[in-house]
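So the structure is just underneath, and the comments pick up after that.
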Amino acid sequence: MKRTRKLALTGLMAMGGMSLTACGGDVATDNARIDNPGPAVDAYTYASLQECKDKNEIPDAACDTADKNAKEDEKKAAKYDQQATCEEVYGPGQCVPRSQASGGGSFWGPLITGFVVGRMLDGGWGGRGMYRDWRDGGYYSASGGRVFTDYSTGRTRIGQNGFKSPDAMPPPKAMSRASVISRGGFGGRSASRSFGGSKGFGG
């Protein structure tokens, strides 16, 4: 099996200059976009399939699966009625126009910034597309699981429920600015936890 003992953030995170430190310890609950992130597992983040394979940290098959899931996640991502509304969540230049597959009109959706891969508690590998939330600088899986750094070990972590398919959640409708504010914006899904709170940033 191709992996190393070192679990470190890739250049994707480093270039963003964002702190992912979790002050709460081992469970990825701080600022998660899902109500039940689940037990935290070690995670690897990559900007591309090639980077994943070049790093030689995890099996190539896990890279392939995560990349495939990320492409599917992008198709099912949050929908916004205006570019500006989308960019309030994901940042300037991070949203693209898309069309409804059923011919139901057009909308704006976020670009993925890469994908996150983790070893599950059952021994298998999970992987999903990853997005950056512009408002708090955090990185999240397509299902809303927050990627964070456990300050006590320096390891990148994510709650394992963040690897669940977005299909497990109701399909989001195109959101207006009002609904972004009321629902948190990330996928229009469960986002009851506060953004930018005292936990999850900087220790």
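The values are calculated or read from the model by the stated rules, or taken from the named source; none is laboratory data. Since the structure is predicted, the reported quantities are computational estimates derived from the model, not experimental observations. Cβ coordinates were reconstructed from backbone atoms using ideal geometry, including for glycine residues, and neighbour counts include every protein chain displayed.
So which of GLY109, GLY93 ends up being farther than 24 Å from ARG157 by Cα and assigned to a strand (DSSP E or B)? I'd like the intermediate steps shown before the answer.
On the way: GLY93 fails: assigned to a strand (DSSP E or B).
Just one listed residue meets the conditions, GLY109.
Please verify whether GLY109 is out of contact with any His (no Cβ under 6 Å at 6 or more places or on another chain), without any contact (Cβ under 8 Å) to a residue 40 or more places away in the chain, over 17 Å from PHE163 (Cα atoms) and surrounded by fewer than 18 Cβ atoms within 10 Å (Cβ to Cβ), treating the condition exactly as stated.
Values: out of contact with any His (no Cβ under 6 Å at 6 or more places or on another chain): yes; without any contact (Cβ under 8 Å) to a residue 40 or more places away in the chain: yes; over 17 Å from PHE163 (Cα atoms): yes; surrounded by fewer than 18 Cβ atoms within 10 Å (Cβ to Cβ): no.
For GLY109, the condition - out of contact with any His (no Cβ under 6 Å at 6 or more places or on another chain), without any contact (Cβ under 8 Å) to a residue 40 or more places away in the chain, over 17 Å from PHE163 (Cα atoms) and surrounded by fewer than 18 Cβ atoms within 10 Å (Cβ to Cβ) - is not met.
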Can we say ALA66 is closer than 21 Å to SER165 by Cβ, at pLDDT 85 or above and not in a loop (DSSP other than H, G, I, E, B)? yes
Within the bounds of segment 181-195, is there any residue that is crowded, with 16+ Cβ neighbours inside 10 Å, in contact with a Phe, Trp or Tyr (Cβ under 9 Å, 6 or more places away or on another chain), at pLDDT 55 or above and part of a loop (DSSP other than H, G, I, E, B)? no
From ASP73, ASP42, which residue is part of a strand (DSSP E or B), within 16 Å of LYS164 (Cα to Cα), in contact (Cβ under 8 Å) with a residue 60 or more places away in the chain and charged (D, E, K, R)? ASP42
